[in-house]
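Asker: Please read through the structure below; I'll follow up with questions.
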């Protein structure tokens, strides 16, 4: 299906959190994407995932990707939360203790899950 769509017009495919895809399914998906890239030069595929899948993606899509590492820090998350809380549409619904808890717990939980580099895979022909 991807090949049929991608061969007829410029196409962008975005796949987020590829690392959350089961191993065998991920292999099949990457093999399908390689076939699409080989047969449809106008296609652009953007893949995000945690760093441990970088080698796998580069191996299965040999010569078809450029990897870019993107990182976030706990400070980035905290600044984002401050910004969002500052634009709360229902400010009366939150007291200072709830705001303090949000600013403490969310960065703490996020740092355990996803703070750090994420890999963005980009077909090399679009990188200038």
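The values are calculated or read from the model by the stated rules, or taken from the named source; none is laboratory data. In this text the structure is predicted, and so the values were computed from the model without any measurement. Using ideal geometry, Cβ is built from the backbone for each residue, glycine included, and neighbour counts are taken over all protein chains shown.
Asker: Going through region 67-91 one residue at a time, which ones are touching a residue at least 24 places away in the same chain (Cβ under 8 Å) and either over 16 Å from residue 104 (Cα atoms) or touching a strand residue (DSSP E or B) at 6+ places or on another chain (Cβ under 7 Å) (or both)?
Answerer: Listed by number, the residues that qualify are 67, 68, 69, 70, 71, 72.
Asker: Please name all residue pairs, on different chains or six or more residues apart, with Cβ atoms under 9 Å, provided the first residue is in region 39-50 and is over 13 Å from residue 15 (Cβ atoms) and the second residue is assigned to a strand (DSSP E or B).
Answerer: Listed pairs, sorted by first residue: 40/11; 42/11; 50/118; 50/119.
Asker: Could you grab me the full set of residues in region 49-58 that are assigned to a helix (DSSP H, G or I) and either in contact with a strand residue (DSSP E or B) (Cβ under 6 Å, 6 or more places away or on another chain) or surrounded by fewer than 10 Cβ atoms within 10 Å (Cβ to Cβ) (or both)? Steps first, please.
Answerer: Of all residues in region 49-58, those assigned to a helix (DSSP H, G or I) come to 51-58.
Within region 49-58, 51, 52, 54, 57 meet the criteria.
Asker: Inspect all residues belonging to region 16-29 and state whether any of them is over 25 Å from residue 70 (Cα atoms) and modelled with pLDDT under 90.
Answerer: No, there is no match, as no residue in region 16-29 is over 25 Å from residue 70 (Cα atoms) and modelled with pLDDT under 90.
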